[in-house]
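Right, one structure below, let's go through it.
Every number here is computed from the coordinates shown, using simple stated rules; none is lab data. Just so it is clear, the model here is predicted, and its values are computed rather than measured. Glycine gets a Cβ as well: all are built from the backbone with ideal geometry, and neighbour counts include every protein chain shown.
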Amino acid sequence: MVREEVRLSFLPPQLACPPTFGGAPSVRPHNDKELNITQTRRLFLTIIVASLVANQTVAQTTYSRAEERMAQYVNNGLAYALKYDSLQRIPPVLDSCRRFLQHFPNSFVKPNVFSYMLEMSSLITTDKETLYPLIDSVLYYDKLPGTAMRVGELLIEREIDPSRGARIIEETLPHLDFDYHRYKSHLLLSEVALSHGDFLTAESHLKSALEIDSVRLDAWFAYLGYYQLREDEAGASRVSGEIFRIENKKRHRYFEYVEHNSYVGKSIADLTSTGLNGDTVRFAQFANRVLVIQFFNFWCSAPGKEFPTIRKLMKEFPQPKFVFLNFDETPEELKMRYFTRPSSSFLKDQTVIFPDSSIADFFGGSGVMGENLLVDRHGRIRFSFPGMAEGYESAIRSKLRMLLEEP
């Protein structure tokens, strides 16, 4: 069955393709595995639905395998730059996007490509002459409120044009469906109002954000900053009390999880894994030793932030065995890219392992990413610490002492 072209209703392409977009050699995607099948289907469904529901008319939109691959490539290019903190990766990807748009001016992924181009370009420049054509193109081709909200967020948070960002968000706010988008929009509008000295509007937006979600601390901290700026000690004291109450409640839930989550009590003695050099590592070989197992990858920033604390604990507690379980990179990738970095070079002298099917089945993929498991001498998981919550370091230290004192 031939399915090389699907025709949908779409706007003419020429307005969003500035003549300065020159042709450049296409760059091969870094790694096609970065975008899994589920993500790909979700991406394409979102784009097709967007094109169908948007209020656009007149032209014909094309679909082909090459266009489908481009969507994956652009996604991978942005993800690669963020993952490796490698901004020099961005210009070649942008050049390939421009070449792609010249070859496929009516592509069904065109809104998506422009959105990625804006995200990448805003990482390397705040020049309005560079970014405004992309912003206009994104807003022209993609009428989804969430897209407009994201454009406004970029303009405000990256200080490109906060005033224009606020105008875009004000226009799209009544049309946002998701609570978090509306919550975030009010915080952004409060930030801009406060920068203009408009305290009344700033407080109104802060109150609106808290009406939507009263337990997210970023709104409460923004409110505290508002009262401190106004030198209102009573208001600041009242908000500080609310922050204290919420934090205490979150700490209680955190430590409840540490001792009672679904992994606690399970034995890992029969699990196996693969070492850095392809050797089989059996957890049974760590019998009679207390283990600290950290799940990590370099897509997620949380584990990397824990490394200084982990290194401190390694020096303080030489008796336990520290094991680092990587769920996403390859051994070669770790050796070439991360063992040379000061923040993660210590890993080359540690036990770094990779999951086999037994671990994947036991933990359900990477569902415990960013956690630290404490395992007793009998191979049973006793505690599971989900990341860098307040009190994490002292709590894990206390639990380690307890396990080391047990027979």
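Enumerate the calculated ³J(HN,Hα) couplings along the stretch 279-292 in order (Karplus 6.51 cos²θ - 1.76 cosθ + 1.60, θ = phi - 60°), each rounded to whole Hz, writing x wherever the residue is Gly or Pro.
Using θ = phi - 60°, the values come out as 7, 7, 10, 9, 5, 4, 5, 9, 4, 6, 10, 6, 10, 10 Hz.
Please give every one of the aspartates and glutamates within straight-line cross-link reach of LYS184, meaning a C-alpha to C-alpha distance under 15 Å, and leave out same-chain neighbours fewer than 8 residues apart.
Result set, ordered by chain and number: GLU153, GLU157, GLU170, GLU171, GLU203, GLU211, ASP213, ASP218.
Estimate the FRET efficiency between LEU217 and MET336 by the formula 1/(1 + (r/R0)^6), using the beta-carbon distance for r and 25 Å for R0, to the nearest 0.05.
Here the calculated transfer efficiency is 0.05.
Give me, ordered by chain and number, the residues 5 or more places off SER107 or on other chains with an amide H under 5 Å from its own placed amide H.
THR62
What are the aspartates and glutamates whose alpha-carbon lies under 17 Å from the alpha-carbon of LYS315, with same-chain residues fewer than 8 places away excluded?
GLU306, ASP349, GLU393
Given H placed 1.01 Å from N in the peptide plane, which residues other than close sequence neighbours of ARG382 have an amide H under 5 Å from its amide H?
GLY265, LEU374, VAL375, ASP376
Skipping prolines and chain starts, which residues have an amide H placed within reach, meaning under 5 Å, of the one on GLU371, given they are 5 or more residues away or on another chain?
PHE295
Residue by residue through the stretch 238-253, which ³J(HN,Hα) values in whole Hz follow from phi under the Karplus form 6.51 cos²θ - 1.76 cosθ + 1.60 (θ = phi - 60°), with glycine and proline marked x?
5, 5, 4, x, 5, 4, 4, 5, 5, 5, 4, 5, 5, 4, 4, 5
Using each residue's phi in the stretch 318-335, evaluate 6.51 cos²θ - 1.76 cosθ + 1.60 at θ = phi - 60° and report the 3J(HN,Hα) Karplus result to the nearest Hz, with x for Gly and Pro.
x, 6, x, 9, 9, 10, 10, 9, 9, 9, 9, 7, 9, x, 5, 5, 4, 5
Calculate the radius of gyration of the Cα atoms of the stretch 272-405 to one decimal place, then report Dmax, the largest Cα-Cα distance, as a whole number, both in Å.
In order Rg, Dmax, the Cα atoms of the stretch 272-405 give 14.0, 39 Å.
How high is the relative contact order of the stretch 272-405, in percent, counting Cα pairs under 8 Å that sit 6 or more residues apart?
34
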